Amino acid sequence: MTLKLIVAAILATAVPALPALAETTHEKIKTDAGRQYFDAECRRCHAVDARDPSYGPPLEHVVGRRAGSYEGYDYSEALTGSGIVWTPAALRAWMEDNDGFMPGTKMRHVGIDDRTVQDFILSYLASISR
């Protein structure tokens with residue numbers, strides 16, 4: 001087999017994996033950036049692990065969790081009675097304007113309105129919710 005045929009055979013088997021690799025790399029970059037934004041914007045009140053208590057409820061496994069349901073945290077009546085499930089869309093709305101999204105919440109207004117920053121934080125929250 002000639003060198004050209006060997007290289008062609010290797011590339012033919014490697015090329016289908018490149019998009020998956022690129023997506024994995026892209027998601028890792030988003031998740032890493034999200035962790036940094038989380039640490040800068042959210043960590044002062046929220047831990048990601050229940051073993052590391054903080055002022056607010058821990059956000060590990062938050063995606064898909066019913067709002068106001070983390071046991072042992074004293075939520076506002078507005079949040080516990082909302083019936084909301086923390087989907088990416090609900091979390092995005094919360095990050096952008098939690099007071100407008102949930103009047104009566106006890107969390108101070110944060111106002112992360114940059115959609116790219118929201119995407120990064122959502123990617124990180126999804127990674128700690130799996």
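Observations, loosely collected:
- Sparse packing (at most 10 other Cβ atoms within 10 Å of the Cβ) combined with a DSSP loop state is found for the following trypsin sites (Lys or Arg not before Pro) in segment 60-125: Arg108.
- Normalising the Debye intensity of segment 45-130 to I(0), with uniform scatterers on Cα atoms only, and taking log10 at q = 0.13, 0.16, 0.18, 0.26 Å⁻¹ returns -0.38, -0.59, -0.77, -1.65.
- Packing, taken as the mean count of other beta carbons within 10 Å per residue, orders the peptides 37-43, 75-81, 54-60 from highest to lowest as 54-60, 37-43, 75-81.
- Vicinal HN-Hα couplings computed from phi for segment 105-117 (Karplus, 6.51 cos²θ - 1.76 cosθ + 1.60; Hz; Gly/Pro x): 6, 8, 6, 5, 5, 9, x, 8, 9, 6, 5, 5, 4
- When each of the peptides 94-101, 119-126 is scored by how many other beta carbons lie within 10 Å of its residues on average, the order from highest to lowest is 119-126, 94-101.
- Couplings 3J(HN,Hα) of segment 56-72, computed from phi: x, x, x, 9, 4, 6, 6, 5, x, 8, 5, 4, x, 10, 6, 4, x Hz, in residue order, whole Hz [Karplus 6.51 cos²θ - 1.76 cosθ + 1.60, θ = phi - 60°; x for Gly and Pro].
Any read-out appearing in this document is the output of simple, stated calculations on the displayed coordinates, not a laboratory observation. Only a predicted model underlies this, so the values are computations on that prediction, with no experimental measurement involved. Don't worry about glycine lacking a Cβ; one is built from the backbone with ideal geometry, like all the others, and counts go over all protein chains shown.
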